[in-house]
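First comes the structure, then the notes that go with it.
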Amino acid sequence: MNILMVSSECVPYVKVGGLADVVGTLPKYLKKQGHDVRIIIPKYRSIDGVKYNLETLPYRLTVKVGKEQESFRIKTCLLDGNVPVYFIENMRYFNRLGIYGDESGIGYGDNRERYIFFSKAAVEAVKAIMFRPDVIHCHDWHTGLIPAYLKTTHANDGFFWNTSTIYTIHNISYQGSFEASTTLPLAGFSWEDYKSDKLEFYNTFNFMKAGLAYADIISTVSPTYAKEIQGPAGNGMEVVLQVREKDLFGILNGIDYSYWNPADDKYLNAKYSSSDIKNKSLCKKHLQEKCRFAVDEKAFVIGCVSRFDSQKGFDLIMDTINKVQHLNIQIVVLGSGDMNIRNGLLYLKHIYPEKVSVWTTYNEPLSHEIYAGADAFLMPSKFEPCGLSQIISLAYGTVPIVNKTGGLADTIINFSKDSLSGNGFVFDFSKGEQCVDAVINAYNVYQNQTVWNKIISNAFSSNYSWNKSMEQYENMYNTAVQKRTAYTIYQI
Ligand code: ADP
Ligand code: GLC
């Protein structure tokens with residue numbers, strides 16, 4: 001099958017969160033199954049053309065954003081030596097320091113224009129490179145217009161007659177919602193399409209709604225989140241999703257175990273594996289030194305690597321930090337984003353310098369050191385479509401402490417003292433259970449090293465590889481192709 005992924009992020013070229021991991025990894029597994037998979041992303045300034053050996057293709061194309069003609073070039077390289085990636089290069093929209101906004105976490109004022117441009121450019125680029133996709137797989141709000149273009153402005157474009165679209169929700173709280181009267185002409189849709197079952201969403205023009213209304217198939221990144229977003233967690237989209245329930249798939253993300261591997265991790269000085277874990281304590285020592293904590297093997301080290309976003313439950317993390325100061329617990333947080341969260345954490349570091357360490361940049365090497373060096377990983381998200389950090393922690397034998405929501409509920413099983421089963425600690429915030437209690441419970445269990453080692457071994461044997469989700473993805477792609485065929489016949 002010919003599969004085109006269109007996304008705003010993709011590892012190793014550009015990453016803000018888990019979206020990048022998914023788009024940079026899933027295609028490699030689809031390729032192994034024999035599919036011809038290609039990826040289109042923007043050429044952000046931070047993507048190093050020399051490092052990735054980008055080649056410029058001999059086209060200069062244009063698309064219209066409102067009345068303006070915007071020209072672009074296509075650059076290309078191979079991901080892992082066999083998946084073609086195409087970069088849409090346009091100076092005006094992508095040659096800037098940030099990805100979605102400036103350093104303070106405020107989004108760019110023209111994100112609407114940027115992703116209208118990108119979506120249109122992706123549609124033209126795929127024609128220029130003569131790759132006729134069976135499925136265009138669109139990710140998150142930035143690409144939500146593509147399914148809409150294929151069924152409206154490009155409905156009679158023979159190039160796409162056999163092309164189905166899939167729209168994947170990675171996070172329903174970012175929808176790309178804009179004022180309609182200016183957005184509709186900018187994006188080039190007709191007012192005919194501005195209806196409640198199409199582009200319109202509570203009197204706004206909403207990119208995600210466009211994806212949900214027009215895509216042949218919709219998916220999200222865990223079975224539990226697929227259910228949750230049809231209810232109050234749907235952020236207003238619940239009714240749209242209920243209507244399309246039969247077309248909605250919830251498929252759990254995986255991680256790339258060849259990259260997230262403590263036995264072969266270039267960022268770690270000391271390597272270890274599930275069968276030989278002794279160097280994990282060296283990683284802990286290095287982390288304690290780096291954080292200027294007391295080097296104390298008995299201290300319970302808790303790590304957190306996360307975007308600074310209210311989604312991630314930082315209020316609970318800060319509350320917990322305040323309430324566990326009487327215990328031998330050290331907490332290291334790495335993240336970037338929201339300034340209030342950043343400042344709140346820096347304040348806690350200021351008052352508890354021996355027990356709290358806060359790092360406020362995006363730092364890939366340090367993230368690995370935390371995954372490896374911590375005893376436990378704290379992720380009390382208020383909602384979590386899938387979550388990769390808890391799965392990465394499992395791969396490093398670092399025990400997750402999570403709120404029971406979305407993909408966290410699908411991947412982490414609460415430890416039971418009786419059966420010694422479970423790969424982490426789970427509290428249910430919706431039932432009034434508290435994060436701090438889960439942390440203290442984990443701390444108490446940690447005091448018995450034999451029991452703790454059993455949880456570590458349960459963590460190591462949890463497997464969330466992409467191989468596991470492959471069959472479901474292939475089934476979804478086949479369903480999308482069948483739906484499109486049915487739609488085309490109906491249209492004729
Ligand atoms: P989300 O996509 O909502 O941010 P996920 O758990 O799915 O959450 O994925 C987060 C990914 O981003 C993980 O790979 C995590 O290690 C990484 N990450 C988040 N913040 C940072 C940071 N400041 N430095 C390095 N990696 C980070
Ligand atoms: C989003 C979600 C996260 C998910 C990731 C990849 O950023 O917040 O839960 O793991 O996308 O699908």
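The values are calculated or read from the model by the stated rules, or taken from the named source; none is laboratory data. The structure presented is a predicted model; accordingly, all values stated were derived computationally and were not measured. All Cβ positions, even for glycine, are placed from backbone atoms using ideal geometry, and neighbour counts span all protein chains on display. When the accessible area is computed, the model is the full protein with side chains, heavy atoms only, and any ligands, DNA or RNA have been set aside. Shrake-Rupley method; radii C 1.70, N 1.55, O 1.52, S 1.80 Å.
Brief remarks on what is shown
- Among the residues of the range 99-128, the one identified as open to solvent by 30 Å² or more (accessible area, probe 1.4 Å) and β-branched (Val, Ile, Thr) is ILE106.
- All conditions but one from (1) more than 16 Å from ligand 2 (Cβ to nearest atom); (2) among the β-branched types (Val, Ile, Thr); (3) open to solvent by less than 10 Å² (accessible area, probe 1.4 Å) apply to THR152; the one that does not is (3).
- Comparison of GLY335, GLY303 shows that the only residue that is crowded, with 19+ Cβ neighbours inside 10 Å and within 16 Å of ligand 2 (Cβ to nearest atom) is GLY335.
- Number of the condition not met by LYS195 [criteria: (1) more than 22 Å from GLN482 (Cβ to Cβ); (2) away from ligand 1 (no atom under 16 Å from the Cβ); (3) within 26 Å of the chain's Cα centre (by Cα)]: (3)
- In the range 416-429 there is at least one residue matching the filter, namely being under 25 Å from GLY231 (Cα atoms), more than 18 Å from the chain's Cα centre (by Cα) and assigned to a helix (DSSP H, G or I).
- Checking ILE169 against (1) closer than 18 Å to ILE39 by Cα; (2) more than 16 Å from ligand 1 (Cβ to nearest atom), the condition it does not meet: (2)
- Residues satisfying the stated conditions in the range 10-22, i.e. within 11 Å of ligand 1 (Cβ to nearest atom), open to solvent by less than 10 Å² (accessible area, probe 1.4 Å) and within 17 Å of PHE87 (Cα to Cα): ALA20
- Taking each residue of the range 333-349 that is in contact (Cβ under 8 Å) with a residue 60 or more places away in the chain and looking for partners that are more than 12 Å from ligand 1 (Cβ to nearest atom) with beta-carbon atoms closer than 6 Å, six or more apart or interchain, yields GLY337/GLY105; ASP338/GLY105; MET339/SER104; MET339/GLY105.
- Test: residue in the range 199-221 that is β-branched (Val, Ile, Thr), farther than 26 Å from GLY107 by Cβ and in contact with a Phe, Trp or Tyr (Cβ under 7 Å, 6 or more places away or on another chain): yes
- Sole residue being closer than 17 Å to VAL135 by Cβ and open to solvent by 10 Å² or more (accessible area, probe 1.4 Å), chosen from GLN33, GLN69: GLN33
- A count restricted to the range 342-351 and to residues that are away from ligand 1 (no atom under 14 Å from the Cβ) and either open to solvent by 50 Å² or more (accessible area, probe 1.4 Å) or touching a Gly at 6+ places or on another chain (Cβ under 7 Å) (or both) stands at 6.
Okay, residues lined up against (1) closer than 29 Å to ASP276 by Cα; (2) in contact (Cβ under 8 Å) with a residue 60 or more places away in the chain:
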{"position": "ILE412", "(1), (2)": "yes, no"}
{"position": "PHE415", "(1), (2)": "yes, no"}
{"position": "SER421", "(1), (2)": "yes, no"}
{"position": "PHE425", "(1), (2)": "yes, no"}
{"position": "CYS435", "(1), (2)": "no, yes"}
{"position": "ALA442", "(1), (2)": "yes, yes"}
{"position": "SER465", "(1), (2)": "yes, yes"}
{"position": "LYS483", "(1), (2)": "no, yes"}
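- Taken together, the residues in the range 135-154 that are part of a helix (DSSP H, G or I) and over 14 Å from the mean Cα position of the chain (by Cα) amount to 8.
- Residue check for MET339: within 26 Å of VAL16 (Cβ to Cβ), more than 16 Å from ligand 1 (Cβ to nearest atom), in the same structural domain as TRP452 (by TED's automatic domain parsing) and within 26 Å of the chain's Cα centre (by Cα): no
- Annotation note: of SER389, SER393, the sole residue that is open to solvent by 10 Å² or more (accessible area, probe 1.4 Å), touching a residue at least 60 places away in the same chain (Cβ under 8 Å) and either within 16 Å of ligand 1 (Cβ to nearest atom) or under 14 Å from SER222 (Cβ atoms) (or both) is SER389.
- Identity of the residue in the range 248-291, open to solvent by 50 Å² or more (accessible area, probe 1.4 Å) and assigned to a helix (DSSP H, G or I), that ends up farthest from TYR29 (Cα to Cα): GLU289
- Among residues of the range 305-332, those that are in contact (Cβ under 8 Å) with a residue 24 or more places away in the chain, in a loop (DSSP other than H, G, I, E, B) and farther than 18 Å from THR405 by Cα, counted: 4
- Against the numbered list (1) more than 30 Å from TYR214 (Cβ to Cβ); (2) part of a helix (DSSP H, G or I), GLY397 comes up short only at (2).
- Within the range 271-290, the residues that satisfy the criterion of being under 27 Å from ASP21 (Cα atoms) and in contact (Cβ under 8 Å) with a residue 24 or more places away in the chain are TYR272, SER274, ILE277, LYS280, CYS283, LYS284, HIS286, LEU287, LYS290.
- Selection over the range 430-484 of residues that are basic (Lys, Arg), more than 19 Å from ASN253 (Cβ to Cβ) and open to solvent by 80 Å² or more (accessible area, probe 1.4 Å) gives a count of 1.
- Of all the residues in the range 348-403, those that are within 20 Å of CYS435 (Cβ to Cβ) and more than 16 Å from ligand 2 (Cβ to nearest atom) number 15.
- Taken over the range 21-49, the residue count meeting the criterion of being without any contact (Cβ under 8 Å) to a residue 12 or more places away in the chain and either under 29 Å from LEU334 (Cα atoms) or assigned to a helix (DSSP H, G or I) (or both) is 2.
- Checking the stated criteria, PHE131 turns out to be closer than 17 Å to HIS154 by Cα and surrounded by fewer than 21 Cβ atoms within 10 Å (Cβ to Cβ).
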